[in-house]
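Okay, so here's the structure we're looking at.
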Amino acid sequence: MWLSLIDVCVKIHLSPYESKLGGFMEKFNDLFVLSCAYFPYLFTDLTPSPEDKYFIGWFYDGTVGTMIAANLIVIVKTAFHGIVNKIREMIL
């Protein structure tokens with residue numbers, strides 16, 4: 001978790017990316033990975049109530065689902081943008 005935190009801080013501070021969207025998604029993914037790194041502790045016996053574990057599990061599923069959906073949206077948007085640019089080049 002400490003290495004992930006240091007990695008996120010360095011990437012946010014330096015922003016070493018070629019595109020703005022790529023940089024944003026990299027930071028977004030790193031922050032989600034950092035937040036998801038805490039969840040395994042919540043599934044141990046430190047949380048005695050099964051209802052709490054189910055609630056935590058559903059929240060974790062939502063978090064991972066959000067990350068997957070955001071990445072898929074960016075992939076589709078980037079692919080669509082590339083196809084539109086290819087068509088424009090062929091027409092002109």
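The values are calculated or read from the model by the stated rules, or taken from the named source; none is laboratory data. The structure displayed is predicted, hence computed values, not measured ones. Note: ideal-geometry Cβ built from the backbone for every residue, glycine included; neighbour counts use all protein chains shown. Surface areas here come from the heavy atoms of the whole protein model, side chains and all, with no ligands, DNA or RNA. Shrake-Rupley method; radii C 1.70, N 1.55, O 1.52, S 1.80 Å.
Any residue at all in segment 46-62 that is at pLDDT below 85 and among the polar types (S, T, N, Q)?
Checked against the condition, which is being at pLDDT below 85 and among the polar types (S, T, N, Q), segment 46-62 yields at least one hit.
Please determine whether any residue of segment 77-91 is touching a helix residue (DSSP H, G or I) at 6+ places or on another chain (Cβ under 6 Å) and either farther than 25 Å from Asn29 by Cβ or open to solvent by less than 60 Å² (accessible area, probe 1.4 Å) (or both). Talk me through it step by step, then tell me what you get.
In the first step, residues of segment 77-91 are kept if they are touching a helix residue (DSSP H, G or I) at 6+ places or on another chain (Cβ under 6 Å); the result is none.
No, segment 77-91 contains no residue that is touching a helix residue (DSSP H, G or I) at 6+ places or on another chain (Cβ under 6 Å) and either farther than 25 Å from Asn29 by Cβ or open to solvent by less than 60 Å² (accessible area, probe 1.4 Å) (or both).
Answer with yes or no whether Gly57 is within 15 Å of the chain's Cα centre (by Cα), part of a helix (DSSP H, G or I) and more than 23 Å from Trp2 (Cβ to Cβ). Steps first, please.
On the way: within 15 Å of the chain's Cα centre (by Cα): no; part of a helix (DSSP H, G or I): yes; more than 23 Å from Trp2 (Cβ to Cβ): yes.
So Gly57 does not fit the description; no.
Open to solvent by less than 80 Å² (accessible area, probe 1.4 Å), assigned to a helix (DSSP H, G or I) and without any contact (Cβ under 8 Å) to a residue 12 or more places away in the chain: does that describe Ala70? Working first, answer last.
Details: open to solvent by less than 80 Å² (accessible area, probe 1.4 Å): yes; assigned to a helix (DSSP H, G or I): yes; without any contact (Cβ under 8 Å) to a residue 12 or more places away in the chain: no.
No; evaluated as a whole, the condition is false for this residue.
Please work out which one of (1) open to solvent by 40 Å² or more (accessible area, probe 1.4 Å); (2) charged (D, E, K, R); (3) in contact (Cβ under 8 Å) with a residue 12 or more places away in the chain is the condition Asp30 fails and give its number.
(1)
Being of a type in the set (A, V, I, L, M, F, W, C) and modelled with pLDDT of 90 or more is the requirement here; does Ile68 meet it?
On the way: of a type in the set (A, V, I, L, M, F, W, C): yes; modelled with pLDDT of 90 or more: yes.
So Ile68 fits the description; yes.
Select from segment 3-39 the residues that are closer than 26 Å to Trp58 by Cβ, outside any loop (DSSP other than H, G, I, E, B) and more than 14 Å from the chain's Cα centre (by Cα) and list them in ascending order.
First, the residues of segment 3-39 that are closer than 26 Å to Trp58 by Cβ: 4-5, 8, 25, 27-39.
Checking the rest, the ones that are also outside any loop (DSSP other than H, G, I, E, B) come to 4-5, 8, 25, 27-36, 39.
Listed by number, the residues that qualify are Leu5, Phe39.
Any idea which of Phe24, Phe59, Phe39 is surrounded by 13 or more Cβ atoms within 10 Å (Cβ to Cβ) and free of Cβ contacts under 8 Å to residues at least 12 places away in the same chain? Walk me through it before giving the result.
Numbers: Phe59 fails: surrounded by 13 or more Cβ atoms within 10 Å (Cβ to Cβ); Phe39 fails: free of Cβ contacts under 8 Å to residues at least 12 places away in the same chain.
Residue meeting the stated conditions: Phe24.
Thr47 is checked against (1) out of contact with any Ser or Thr (no Cβ under 7 Å at 6 or more places or on another chain); (2) without any contact (Cβ under 8 Å) to a residue 40 or more places away in the chain; (3) open to solvent by 40 Å² or more (accessible area, probe 1.4 Å) and fails just one. What number does that condition carry?
The single condition Thr47 does not satisfy is (3).
Inside segment 10-55, can you point out the residues that are more than 30 Å from Val76 (Cα to Cα) and of a type outside the set (Ser, Thr, Tyr)?
Listed by number, the residues that qualify are Pro40, Leu42, Phe43, Asp45, Leu46, Pro48, Pro50, Glu51, Asp52, Lys53, Phe55.
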